[in-house]
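Contents: one structure, followed by commentary.
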Amino acid sequence: MATETQISAFISTETKEELEKYSRATGVKKGRVIEDALRHHLQALRELPLDAIVHPRVVLTRKSGEALAKYLKSRPRPTAALRRLMSEPDGD
């Protein structure tokens, strides 16, 4: 039998709400979701090259954020065909 250890961590209100919604919808206990997610993440960190890991949060300096905003504003708007393609459900 595996022993269990309790840990404490601060998470955003949005993440907590998503976790609770998922847990209610699926019946999977929140602790189980966290355990599985953490194991999955740690395994990916062990097995994948560092440049294959896509972090869920990007932090920019004000200067780089302004440069990115300027770059994005200079890009052409997506065409109607591209918007339709990207809005189609998978498999259609």
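Some observations on this one:
- Every residue from the range 10-27 that is more than 13 Å from the chain's Cα centre (by Cα) and not in a loop (DSSP other than H, G, I, E, B): THR13, LYS16, GLU17, GLU20, LYS21, TYR22, SER23, ARG24, ALA25, THR26
- Checking each residue in the range 44-72 for being over 14 Å from the mean Cα position of the chain (by Cα) and part of a loop (DSSP other than H, G, I, E, B) picks out LEU48, PRO49, VAL59, LEU60, THR61.
Coordinate-derived values only; no laboratory data. This one's a predicted model, so the numbers in the text were calculated from it and none came from an experiment.
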